1. Considering (1) under 21 Å from the mean Cα position of the chain (by Cα); (2) among the acidic types (Asp, Glu); (3) more than 27 Å from residue A:261 (Cα to Cα), say which one residue C:137 fails and leave the rest.
2. Restricting to region C:12-23, name every residue that is open to solvent by 10 Å² or more (accessible area, probe 1.4 Å) and more than 7 Å from chain B (Cβ to nearest Cβ).
3. All but one of (1) modelled with pLDDT of 95 or more; (2) over 17 Å from residue C:41 (Cα atoms); (3) at the interface with another protein chain (Cβ under 10 Å from one of its Cβ atoms) hold for residue C:184; which doesn't?
4. Here are some conditions: (1) free of Cβ contacts under 8 Å to residues at least 12 places away in the same chain; (2) open to solvent by less than 60 Å² (accessible area, probe 1.4 Å); (3) within 9 Å of chain C (Cβ to nearest Cβ). Residue B:33 meets all but one. Which one does it not meet?
5. All but one of (1) touching a strand residue (DSSP E or B) at 6+ places or on another chain (Cβ under 9 Å); (2) assigned to a helix (DSSP H, G or I) hold for residue A:533; which doesn't?
6. Quickly run through region C:145-159 and pick out the residues that are without any contact (Cβ under 8 Å) to a residue 12 or more places away in the chain and of a type outside the set (Ser, Thr, Tyr).
Amino acid sequence: MSDDFYKNKTSIEAQPSRTISDSSGSVSDIDYVKPAEVSDQDLYHGHSFITKWIFCQDAKVIGIQYTLTAVFTGIIGLILSWLMRLQLGFPELVPFITAEHYYQFVTMHGMIMVVYFLTALFLGGFGNYLIPLMTGARDMVFPYVNMVSYWMFFVAVLVLMASFFVPGGPTGSGWTLYPPQAILEGTPGSGAGIILMLVSLALFVVGFTMGGLNYVITILQARTRGMTLMRMPLTVWGIFTATVLALLAFPALFVSVIMMSLDRILGTSFFMPTILQAGEILEYGGGSPVLFQHLFWFFGHPEVYIVALPAFGIVSDLISVHSRKNIFGYRMMVWAIVAIGALSFFVWAHHMYVSGMNPWFGFFFATTTLIIAVPTALKVYNWVLTLWRGNIRMTTVMLFCLGFIVTFVNGGITGIFLGNVIVDIPLSDTYFVVAHFHMVMGIAPLMVIFGAIYHWFPLVTGRLLDEKLGKWHFWFSFLGAYSIYFPMHYLGFIGVPRRYFEMYDSPYITSAVGLNQSITIAALIVGLSQFIFIFNIVKSLRMGKPAGKNPWKANSLEWQTPNVPPAHGNWGDKLPVVYRWPYDFNVPGAKEDYIPQTTPPSEVLEAKVEKT
Amino acid sequence: MSETQKAQTTTHKIGIYLWIWGLLFVLSFCSYMVDWFQFQGLVRWTLIVTFMLLKAGLIMAFFMHLFWERYALVNVLLWPMTAIACFITLMAAEGKYTVFTRLFYFFVGG
Amino acid sequence: MSDHTLDKLPGGFKGMATDMGSDQTVFKGVNWGKAMMWIFLLSDTFIFSCFLISYMKVRASVVDEWPYPSEVFALNFMGVPVPLLLIAIMTFVLITSSGTMALAVKYGYERNRKMCGWLILATALGGLTFVGMQAFEWSKLIHEGVRPWTNPFGAPQFGSFFFMITGFHGTHVSIGVIFLFIFARKTFRGDFDAGKRGFFTSMKSDYVAIEIMGLYWHFVDLVWVFIFAFFYLW
């Protein structure tokens, strides 16, 4: 910042809140906002217990339902990871885990965490709760379909869990479900297990299409007066772009699931080549396994951005609020999110460099993969520049944001290694890849989830979470996660393969035994320390400090509701009117260090705000 | 669902729908003729795709009303097709590569 | 149906920039349900595109011979095998039903209940005829030995893709027919005029619902145009 800034001598003047398309005169009316284009939403009001809490159409209740189901499923995924780590670190301790079991754990852990936990939590949980509130709407545009979408997700989870109990158990093909092995006898769960997995995924896609349509159209068509797209918090931008990706990428998964189901049930040969099973020639022939990989990763790569982009958006808002500073380069942050989203459809086969696909593809996909790193890096610089010279409050939320930046940079850099074809060849299918994606998709978004819960818990419940417990939770989680995944890169470098049940006796792997043991111990400690978090939540629900309204002194609309927690309909009788972006922190000339979005210019005439 | 204000909407004359229906009929007939006259190779391929895109365009523009919709909606719907176009191009190449490897290994040996 | 208040806004690219930069809505004058249907159709387009792309890839990859669709789908008319006759009739029926649907939307907005209702019914009957012909085609092929896992004409994937793609399309048509019958009933009863609340959703009915249904129906026709070109003609 220049000296002029500190002496309040900049030339930025208070701007009248006119939208671009307004053509009427009235220069003196600086509080003018365009009138409403549509009439106020005609909301459904439930009156029975069932229509108020079970089949509830209120997006806030649906958001909490999604969150609870996703977290419950995530805990199952966490327990599976403990079992896997025990087998890898101390196989003598768990003789009941066979190779088949191990592969089933690997598969279910992966599918649960990526799809049923992270996607459901970010889009269904945070999306449902925050989108109407942050855009100034009363609810989603089609509450009935929104309600149905949650119950589809619930049924999808039930079907997935049912696969644990069928003969043969759940599928053990890896979360990537590659044919031909996934439906052949050598793979665990190739009977009912794989079928239930495929059915569950199909149900999930249908449910999330219903939800996704709601999120997208609410953001595009149901914002309140004065809320332009460029005045939306980055949280909304992240979830919006992720939802668009979901709507366009899930079809590829759906198609591949249908075709694999037909291969398994009807004996078609979409993906099945001529093949022998235990010495016997099967009836299949002519199909193309690599087609499944293309379809899966055409979905799979946007899927990881569906997990990452909401995290990017949310962390931007958390950093901004807890450092009392506007997000650096908001406009470029928006463009970066959109660019990452668009580019994510053109990079999928960087997961397939060693698959035997057309060798010329490597050139194309390595190029696009390195290009997509550019807007991602831009975001990292902007987060750091937001913190730079900010009035940083070292709350638990801020600690998790800093943890996010560190782990995301780590994971992102290893992604550059893997994005290059030649470097990927020795690293593919080793623990280097496992370390990379856990850092960038597991730990980093998880840090954001924790930070987001500490941040928005006061809004949802009216009480604050305990800060001391929060700090213990953070340090255990952050240092613990680093102790798990940082050494894992070394395992990958020396060539330890992933998805192996046992660490065998070769000299280079024997040298890694100690490392595997320490990683396992760290994993168990981190897993157990999550009970601090659960304890904090349960305790604070009953005995937490009452938060009052807007305890973090944030600007965005969700904190401006007349009731805390927000009631049905969110805003009472009058919808809010928006005059500015949500990042007016420490504006020179303003009385307080924050200016909520609903504050008209006439109330802050001395403040030198930017034109937004 | 009916959240737009009661706007004065005007509808189009019947004629335009009959014209488009007639054009679609003609184009379908032309597509059918491609098979009747047994065109082969590049000519067949080009004619099929051309008639198909014309029919698709007419349905989208006039029956689905996109000709009269605002540009924002049209762009939001059409730009994602570039991802599909990329997928088509790459899968065509992949199909050729697969059949090449099969013919090579089945008949030349490896 | 054009909205006069929208004529005051700039058009073209500049209009798009203005719309996207404005508050409240991006798609000016577009009802929420209509916007949702458009985005749903975009997603459904990706589904059918993925099916057709898979078909293209697998057909390019098989070493077995691919059957000639014009022979497989020929219909015997007075002893002469006419190639693709049934398909041509099906195409005609579906395109006509698309035309009646567009007219139904027009009359709906003009609040001409009778014309609207009859045209919706005509569309539904067209759809029903299409599904019936598709079922007939399926039974004819099954009778000739075509199965999802094998067929006597060539590569087994021919039958697989045929049943899967036409099955998905036929399911979409059938769902459309059911909704068309429901909407025809609502129209004749005057539910759209009265703004009667829906049974499941409790939302007020409005003639825009017919336009939304129309979009879905035209999409179904659009998919058929692509299936016809790529599967039957190619």
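The values are calculated or read from the model by the stated rules, or taken from the named source; none is laboratory data. What you see is a predicted model; the values in this text were computed from it and never measured. FYI the Cβ positions are ideal-geometry reconstructions off the backbone, even for glycines, and counts take in every protein chain you see. What goes into the accessible areas is simple: the full protein's heavy atoms, side chains included, and nothing from ligands, DNA or RNA. Shrake-Rupley method; radii C 1.70, N 1.55, O 1.52, S 1.80 Å.
1. (3)
2. Step one: list which residues in region C:12-23 are open to solvent by 10 Å² or more (accessible area, probe 1.4 Å), which gives C:12-14, C:16-18, C:20-21.
Answer for region C:12-23, where residues must be open to solvent by 10 Å² or more (accessible area, probe 1.4 Å) and more than 7 Å from chain B (Cβ to nearest Cβ): C:14, C:17, C:18, C:21.
3. (3)
4. That leaves (3) as the condition not met.
5. With (1) touching a strand residue (DSSP E or B) at 6+ places or on another chain (Cβ under 9 Å); (2) assigned to a helix (DSSP H, G or I) applied to residue A:533, the lone miss is (1).
6. First, pick out the residues of region C:145-159 that are without any contact (Cβ under 8 Å) to a residue 12 or more places away in the chain: C:145, C:149-150, C:152.
Selection gives C:145, C:149, C:152.
Table: residues versus (1) surrounded by 24 or more Cβ atoms within 10 Å (Cβ to Cβ); (2) within 14 Å of chain B (Cβ to nearest Cβ); (3) part of a helix (DSSP H, G or I).
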site	(1), (2), (3)
C:98	yes, yes, yes
C:108	yes, yes, yes
C:115	no, yes, yes
C:119	yes, yes, yes
C:122	no, yes, yes
C:127	yes, no, yes
C:133	no, no, yes
C:136	no, no, yes
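Every residue, every condition in (1) in contact with a Cys (Cβ under 6 Å, 6 or more places away or on another chain); (2) part of a helix (DSSP H, G or I); (3) crowded, with 23+ Cβ neighbours inside 10 Å, yes or no:
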| residue | (1), (2), (3) |
| --- | --- |
| A:392 | no, no, no |
| A:407 | no, yes, yes |
| A:410 | no, yes, no |
| A:422 | no, yes, no |
| A:435 | no, yes, yes |
| A:448 | no, yes, yes |
| A:454 | no, yes, yes |
